[in-house]
Amino acid sequence: MVLQAVIFDLGGTLIYHRTSLPELIQLGYQALTDYLMSKEAHLKLDDVSSVSIQVYNAYEKFAEESFVQLEPSVLYSSIMRQLGVDDFNEDFIEGAVESFYRLLLNDYDAYPDSEQTLHNLKEKGLKLGLVTNNHSEYFSSHLLQSCDLERFFDVIVCSSQLGIRKPHKGIFLHCLRKLGVCQGDAVFVGDEPAHDIRGARDAGIRSIWVKRNEHDTTSVMPDWTVKSISEAEKVIDVLL
């Protein structure tokens with residue numbers, strides 16, 4: 001087996017939130033409420049956040065069991081109807097989605113060693129792929145461009161493209177086919193054992209777990225465990 005490609009996860013592996021996620025989500029609900037008020041849908045923040053949480057919790061359970069990825073417009077149409085907002089069109093839903101996600105998308109930044117590591121791997125002649133669970137290609141593209149990482153990847157696979165999400169092995173195999181490499185000639189780097197390591201294992205790909213929190217545990221064992229992207233590069237060097 002000759003290593004030809006490295007495939008990465010995005011959020012938590014190459015990029016991170018500067019602000020705590022619970023705080024960002026609450027700010028997102030406030031922004032969504034403000035948007036609805038501007039459209040003369042007079043709703044309270046508590047109602048908007050409560051219904052949104054119920055819909056997302058139900059979807060997350062469904063998604064974890066089915067591996068199905070739905071576009072945010074589907075979820076937000078459901079949220080609007082449950083809030084009693086029935087008179088809406090595609091532009092209205094697009095505005096609602098944008099209002100909630102704007103702060104979350106703009107809060108991401110790249111880990112200090114992400115850019116240099118990706119640059120180094122490209123210099124070594126490796127193909128680079130990205131497999132991310134994301135609600136839309138626009139979201140993943142926005143994140144990569146804002147963090148100046150998009151230029152490094154030969155192939156970018158977003159779950160919304162395929163309608164399936166990690167850990168389903170199909171999304172990993174799709175990336176391999178687009179890269180033109182076999183399972184044994186690639187390695188996957190990710191921070192979520194339940195999604196990244198499990199999915200890579202099921203697809204027959206070796207995996208590197210970026211364990212950023214020393215207290216994290218997993219029953220899904222990776223081939224290697226590191227603490228950072230730069231440490232992952234050292235493992236990759238051994239495989240070349």
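Each value in this text was obtained by applying a stated rule to the coordinates, not by laboratory testing. What you see is a predicted model, and the numbers here were worked out from it, not measured in a lab. Quick reminder, even Gly has a Cβ in these numbers, built from the backbone with ideal geometry, and neighbours come from all protein chains shown.
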- prompt: Where Lys and Arg each count +1 and Asp and Glu each count -1, what net charge lies around Leu144 among other residues with Cβ under 12 Å from its Cβ?
  reply: -3
query: Which order do Ser49, Ser38, Ser160 fall in if you start with the one that has the fewest other Cβ atoms within 10 Å?
result: Ser38, Ser49, Ser160
query: Add -39500 (n - 2.57) for each DSSP H run of 4 or more in the chain, then divide by its residues: what number comes out at 222 nm, to the nearest 500 deg cm²/dmol?
result: -15500 deg cm²/dmol
- prompt: Calculated FRET efficiency, Gln54 and His119, Cβ-Cβ r, R0 45 Å, to nearest 0.05?
  reply: 0.55
- prompt: Just going by the charge dipole of segment 21-106, with Lys and Arg at +1 and Asp and Glu at -1 on Cβ, which of Phe88, Asn106, Ile53 is farthest out on the positive end?
  reply: Ile53
- prompt: What trypsin sites (Lys or Arg not before Pro) in segment 76-174 are in a loop by DSSP, with at most 14 other Cβ atoms within 10 Å of the Cβ?
  reply: Lys124
- prompt: Which net charge results for the neighbourhood of Asp202, defined as the other residues with beta-carbon distances under 12 angstrom from its beta-carbon, given Lys and Arg at +1 and Asp and Glu at -1?
  reply: +3
- prompt: Separation between the Leu162 and Met37 pseudo-spin-labels, each 7 Å from Cα along Cα→Cβ, expressed in nm?
  reply: 4.3
field: Per-pair calculated FRET efficiency, R0 = 22 Å: Arg151 and Lys234 via Cβ, rounded to 0.05
entry: 0.40
query: Tell me, in nm to one decimal, what length is gained between Glu65 and Val2 on full extension, where the rule is 0.36 nm per residue of separation less the Cα-Cα distance?
result: 19.2 nm
query: By counting other Cβ atoms within 10 Å of each Cβ, how are Cys147, Cys158 ranked from fewest to most?
result: Cys147, Cys158
Share of pairwise Cα separations in segment 92-164, more than 20 Å, in percent: 37
query: Which loop-located trypsin sites (Lys or Arg not before Pro) does segment 1-72 contain, where loop means any DSSP state but H, G, I, E or B and the Cβ has at most 16 other Cβ atoms within 10 Å?
result: Arg18, Lys39, Lys44
statement: Over the Cα atoms of segment 65-190 the radius of gyration and the largest Cα-Cα distance (Dmax), both in Å, equal 17.1, 56
query: Which percent of Cα pairs goes in each bin when the distances of segment 21-106 are cut into 10 angstrom slices starting at zero?
result: 17, 54, 27, 2
task: Report the extension gain between Ser141 and Cys182 in nm, rounded to one decimal, defined as 0.36 nm multiplied by the number of residues separating them, less their alpha carbon distance.
output: 12.2 nm
3J(HN,Hα) from dihedral phi, segment 160-174, Karplus parametrisation 6.51/-1.76/1.60, rounded to Hz, x for glycine, proline: 5, 5, 9, x, 10, 9, 4, x, 4, 5, x, 6, 6, 5, 4
- prompt: Of (1) 23.6, 122; (2) 17.9, 57; (3) 19.0, 61, which is the value of Rg and Dmax of the Cα atoms in Å derived from the coordinates here?
  reply: (3)
- request: Using amide H atoms built 1.01 Å from N in the peptide plane, name the residues 5+ places from Val157, or on other chains, whose amide H lies under 5 Å from its own.
  value: Leu130, Val131, Thr132
query: Based on the Cβ-Cβ distance of Tyr16 and Val74, what FRET efficiency does E = 1/(1 + (r/R0)^6) give at R0 = 41 Å, to the nearest 0.05?
result: 0.90
